[in-house]
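Novice: Take a look at the following structure, please.
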Amino acid sequence: MVILDLQNIYDIIAVNDNGNELIAEFDAPQTNGDFIHMHVKLSLHPDPFLSNVYNLCLGPVDENGSIDDKIRLKHQDVSKVLSTAIFVAYYFLNDRQDSIIGLDGSDDIRANLYHSMFILNRELMSDFFVCVGVDWYVKLLRNKIDVERDEQEKPLFKPIIEPFDYSRDRKQLYGYYMFSLK
């Protein structure tokens, strides 16, 4: 269970904000007593249908220098880790008030985590943010032969953006979770 508290976060060790992207770093203790050096990266989402959306990526840096957001970690305090990430997003949004933060439910485990986080923290999230959920669709059989495609001939998936539905259960997870400042 994730309970967010924006006043109970890990110390931010470093912040690099180049105007287009922000990376914040902190150390998170693990259940085995080790510390993992975590990075929160906010970078522009590549989908042209999601303008001004910055994807939040969270994890340690891998051997290639990229943030590994797929790694399975055993944090001592998952709530504090996610509170730290949401705090960084809040800080980011205060400087870019027309922007939106997105969390990718790239697999069922992550989508469940984000879905639960939004539901369990509805009051806190709604005090600071406007929360929305995003599903995706591709227009099937556009011309009775094929699906709608982009310039590179890849199927064109478009977002369906709606206010976050707090009655939506875990069988109906969103593909992407977004929030902006109130």
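Novice: Here is a list: Ile36, Ile13. Which entry is in contact with a strand residue (DSSP E or B) (Cβ under 8 Å, 6 or more places away or on another chain), over 19 Å from Leu181 (Cβ atoms) and open to solvent by 70 Å² or more (accessible area, probe 1.4 Å)?
Specialist: Going through Ile36, Ile13 in turn, the sole match is Ile13.
Each row is one residue, and each column tells you yes or no for (1) among the charged types (D, E, K, R); (2) more than 23 Å from Leu58 (Cα to Cα); (3) at pLDDT 95 or above; (4) in a loop (DSSP other than H, G, I, E, B).
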{"site": "Trp136", "(1), (2), (3), (4)": "no, no, no, no"}
{"site": "Leu140", "(1), (2), (3), (4)": "no, yes, no, yes"}
{"site": "Lys144", "(1), (2), (3), (4)": "yes, yes, no, yes"}
{"site": "Glu151", "(1), (2), (3), (4)": "yes, yes, no, yes"}
{"site": "Ile160", "(1), (2), (3), (4)": "no, yes, no, no"}
{"site": "Asp169", "(1), (2), (3), (4)": "yes, yes, no, yes"}
{"site": "Gln172", "(1), (2), (3), (4)": "no, yes, no, yes"}
{"site": "Ser180", "(1), (2), (3), (4)": "no, no, yes, no"}
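Novice: Right, next: For region 50-105, give me each residue that is of a type in the set (Gly, Ala, Ser), part of a helix (DSSP H, G or I) and over 15 Å from Val2 (Cα atoms).
Specialist: Passing the criteria: only Ala89.
Novice: Now a separate question. Of all residues in region 39-78 being more than 20 Å from Leu93 (Cα to Cα) and of a type in the set (A, V, I, L, M, F, W, C), which is least open to solvent (accessible area, probe 1.4 Å)?
Specialist: Ile67
Novice: Go through region 98-123 and give me each residue that's among the aliphatic types (A, V, I, L, M), modelled with pLDDT of 95 or more and open to solvent by less than 40 Å² (accessible area, probe 1.4 Å).
Specialist: Once the filter is applied, which keeps residues that are among the aliphatic types (A, V, I, L, M), modelled with pLDDT of 95 or more and open to solvent by less than 40 Å² (accessible area, probe 1.4 Å), region 98-123 yields Ile101, Leu103, Met117.
Novice: Of all residues in region 16-33 being in contact with a strand residue (DSSP E or B) (Cβ under 9 Å, 6 or more places away or on another chain), of a type outside the set (Asp, Glu) and under 14 Å from Phe92 (Cα atoms), which is surrounded by the fewest Cβ atoms within 10 Å (Cβ to Cβ)?
Specialist: Asn20
The values are calculated or read from the model by the stated rules, or taken from the named source; none is laboratory data. All values reported here derive from a predicted model rather than from experimental measurement. No Cβ is skipped: glycine too gets one built from the backbone with ideal geometry, and neighbour counts run over all protein chains shown. Ligands, DNA and RNA are excluded from the accessible area calculation, which covers all protein heavy atoms including side chains. Shrake-Rupley method; radii C 1.70, N 1.55, O 1.52, S 1.80 Å.
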